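The values are calculated or read from the model by the stated rules, or taken from the named source; none is laboratory data. Everything numeric here is computed off the predicted structure, so don't read it as measured data. FYI the Cβ positions are ideal-geometry reconstructions off the backbone, even for glycines, and counts take in every protein chain you see. Please note that ligands, DNA and RNA were not included when accessible areas were found on the heavy atoms of the full protein model with its side chains. Shrake-Rupley method; radii C 1.70, N 1.55, O 1.52, S 1.80 Å.
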Amino acid sequence: MPTEHIDFNIDAAQGFGIFKNDKETELLDYVSSVNISCGFHAGDPLLIREFLLKCKEKNLTIGAHIGFNDIQGLGYRPMDLSVDEIEAVVLYQVGALAAFAKSYNLQIDHVRPHGAMYKTASENYDFSLAIAKAIQKYDKWLNYTCLDNEILSNVSAETGIVVNREVFVDKYYTQDFKVDWNSKNYINNDDALNRIRTILFSSQIKLGNGIFMPVNCDTIHFDTKNPNIIQLLQKANEIVTPTQVNYNKAQTSGWV
């Protein structure tokens, strides 16, 4: 079955102080939603405000990009948190971004974990469930974006939270439908574009063993650290139709 509607997303405000990724601003013209860092793993107040205003200018959907309190390690170091601690770090970050958004007559629509938090959420049901419940405690209408797998489906069934099922466009997948987190390389642009085509036209993804696996994909993530991301996003925009992606607002995806 073809995928009727899809969202392209990137992370933004992935820096602090003098450390910034200037490439992020250029990418905003090619996506429909943006996950803005909330200050724990990256994102200082001025950078958060800057990207909120840029998203407002381009009418992009805004999400809270939450992570572990690990700005020195950019949120890539795992942490063992209790349920209460998970709730606290989620609420703190979502609340911070929401306060900024409210002051500019904006609203956040979804929450997406970062780095080690994302990896843990994609592999640990209890951890992912705790994130979902914390999101709902803040606002039951916020959506939860994470890796498309059985854990996310079960969390959605348990809590009733609306989830955005995400697929990585440029990362390697293992033969058991898991992201190969150990690989520091990205698949080449041709393979990434073929992955998008396969998702759009047959709702499948090619795994490491060459076998195709069905996916329920709502959003495709583009990694801003990929050195070829600008060219990839430009080409990706050429292979979708206006009815599949609404770049002004991702309303047709069904989760905004």
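Helices from the chain with mean Kyte-Doolittle at least -0.5 and a Cα length along the axis of 24 Å or more, per DSSP H: which?
In the chain, the long hydrophobic H runs are 83-103.
How large is the accessible surface of Thr61 in square angstrom, using a 1.4 angstrom probe and rounding to the nearest 10?
Here the accessible area works out near 0 Å².
Relative contact order for the chain using alpha-carbon pairs under 8 Å, separation at least 6, rounded to a whole percent? Could you put the intermediate results ahead of the total?
On the way: 494 pairs, mean separation 59.9, N = 256.
Relative CO of the chain lands at 23 percent.
Which percent of the accessible area of the chain is formed by carbon and sulfur heavy atoms (probe 1.4 angstrom)? Please report the intermediate quantities before stating the final value.
Numbers: 5970 of 11820 Å².
Answer for the chain is 51 percent, counting heavy atoms of protein chains only.
What chymotrypsin sites (Phe, Trp or Tyr not before Pro) does segment 108-193 have in DSSP loop regions with at most 13 other beta carbons within 10 Å? Let's see the in-between values first.
Numbers: sites: Tyr118, Tyr125, Phe127, Tyr138, Trp141, Tyr144, Phe168, Tyr172, Tyr173, Phe177, Trp181, Tyr186; in loops: Trp141, Tyr172, Phe177, Trp181, Tyr186.
When the chymotrypsin sites (Phe, Trp or Tyr not before Pro) of segment 108-193 are filtered for loop state and at most 13 Cβ neighbours within 10 Å, Trp141 remain.
Find which of Ser33, Gly67, Asn105 sits farthest along the positive direction of the dipole of segment 1-112, computed with +1 on the beta-carbon of Lys and Arg, -1 on that of Asp and Glu, about the Cα centre.
Of the listed residues, the answer is Asn105.
Excluding Thr159 itself, calculate the net charge of residues whose Cβ lies under 12 Å from the Cβ of Thr159, where each Lys or Arg counts +1 and each Asp or Glu counts -1.
Details: positive: Lys133, Lys137, Lys140; negative: Glu158.
Around Thr159, the charge tally is +2.
To the nearest 0.05, what FRET efficiency results for Lys137 and Asp190 with a Förster distance of 51 Å applied to their C-beta separation? Walk me through the numbers before you get to the answer.
Details: r = 44 Å, r/R0 = 0.86.
Once the sixth-power term is evaluated, E becomes 0.70.
Give, in nm to one decimal, the length gained when the segment between Glu158 and Ile211 is fully stretched (0.36 nm per residue of separation minus the Cα-Cα distance).
Values: separation 53, 0.36 × 53 = 19.08 nm, distance 3.03 nm.
Stretched out fully, the Glu158 to Ile211 stretch lengthens by 16.0 nm.
Would you give the gap between the C-alpha center of segment 140-159 and the C-alpha center of segment 223-242, rounded to a whole Å?
Between the Cα centre of segment 140-159 and that of segment 223-242, the gap is 26 Å.
If R0 is 45 Å, what FRET efficiency do you get for Gln175 and Arg49 from their C-beta distance, rounded to 0.05?
Values: r = 44 Å, r/R0 = 0.97.
Given R0 = 45 Å and the Cβ-Cβ separation, E is 0.55.
List, in order, the whole-Hz ³J(HN,Hα) value for each residue of segment 62-73 obtained from phi through the Karplus relation with A = 6.51, B = -1.76, C = 1.60 and θ = phi - 60°; use x for Gly and Pro.
Coupling constants for segment 62-73: 10, x, 8, 9, 9, x, 5, 6, 8, 5, 5, x Hz.
Round to the nearest 0.05 the FRET efficiency obtained for Asn59 and Asp22 when R0 = 22 Å and r is the Cβ-Cβ distance.
0.50
Size of the dipole of segment 99-138 about the Cα centre, Lys and Arg at +1 and Asp and Glu at -1 on the beta carbon, nothing else charged, in debye to 20?
On the way: 5 positive and 3 negative charges, 27 e Å.
So the dipole magnitude of segment 99-138 works out to roughly 140 debye.
Val169: net charge of surrounding residues, Cβ under 9 Å, Lys/Arg +1, Asp/Glu -1, itself excluded? Mind showing how you got there, number by number?
Numbers: positive: Lys171, Arg195; negative: Asp170, Asp223.
Every neighbour counted, the sum reads 0.
Return the distance in nm (one decimal) between the two label points of a simple spin-label model at Thr224 and Gln107, each offset 7 Å from Cα along Cα→Cβ.
2.5 nm
Would you give the gap between the C-alpha center of segment 81-95 and the C-alpha center of segment 2-74, rounded to a whole Å?
Cα centres, segment 81-95 to segment 2-74: 20 Å.
Send over a whole-number figure in Å² for the accessible area per residue of the chain, probe 1.4 Å. Before the final figure, lay out the partial values.
Working: 11820 Å² over 256 residues.
Per residue, the chain has an accessible area of 46 Å².
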